[in-house]
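Following: one structure in structure tokens, then a few remarks.
The values are calculated or read from the model by the stated rules, or taken from the named source; none is laboratory data. This is a predicted model, so every value here is computed, not measured. Positions of Cβ are backbone-derived with ideal geometry, glycine not excepted, and every protein chain shown enters the neighbour counts.
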Amino acid sequence: MMFGGDEKYLDLNGYTILSGRNLTLQEVRSGQNVCILGYDVAKKFFDEAPNKAVGKSIRINNLPYLVLGVLDSRGSTFGFSRDNMAIIGYRNMAKNFAGSNASYVLAIKVDDINKMNEAMGEAEALFRGVRKIGIKEESNFVLDKSDSRVEEAMNVTSRLRLAAMVIGLVTLFGAAIGLMNIMLVSVAERTKEVGLIKAIGGKSTVVKKQFLLEAVIISVLGAIFGIILGVLVGNSFAIVLGTGFVVPWNWVLYGILICSAVGLLAGLYPAVKAGKLNPIEALRYE
């Protein structure tokens, strides 16, 4: 990707220079063939050593450009690499690439986030005057705040969270059915054991509690295994992305509670069935 900007472009977009220098006002206004390379571009074309690109000449669309600097790596955002790019002056961009159909984005940075709305109001009033828009006419330009990107990301995250919850509920339902079947098989295989317990004076409530406890233990063991796996996999990605190690204790607690409830519900019917077994028939069961 190639972008046209001025000497303030890097600061307004949060880029930092790894090596070399920024564009100057004179270079931008004169439309000189100079550029700043993204980290991945410099790394690819200069043998894994981005700093070697500074001062070298490259060709963009068969035009020679002097490399002034290399940007520090910023990774990817929503699948778009922030390092696979080149930045040239906006006048050079219009002259060599965009032509007469070029469109421009004007960026404004405030020193205090509380002044954001005030700055947007001033910018809108100024632009409407420049474009000679009447009081009753709608603006024919768009103002976009930087936090709108954050809102979009939050909306995407909310949808992903909802999808994960739906998938989790379906998985829990399937796991509950599977656990119930396991407990029913266990009741069938241990029919004589249940009959013996009842024959020596064991009550139905004792048998029910035994099978319920087994179902809950199996479910909680699955929860613990899933929590350990989730923490390891999640923090492995965190290490790759350069973020901190996180253990979501609230979700760990929720997971154990939910799995305990699932085990309790899944084991309820098998436990009741085991508690209702006739001891004489159970002892004769083969």
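Scanning region 171-189 for residues that are buried (at least 19 other Cβ atoms within 10 Å of the Cβ) and at pLDDT below 85 yields a single hit, 187. Residues being in contact with a Phe, Trp or Tyr (Cβ under 9 Å, 6 or more places away or on another chain), in contact (Cβ under 8 Å) with a residue 12 or more places away in the chain, over 25 Å from residue 141 (Cβ atoms) and not assigned by TED's automatic domain parsing to the domain that holds residue 240 are represented in region 19-28 by at least one member.
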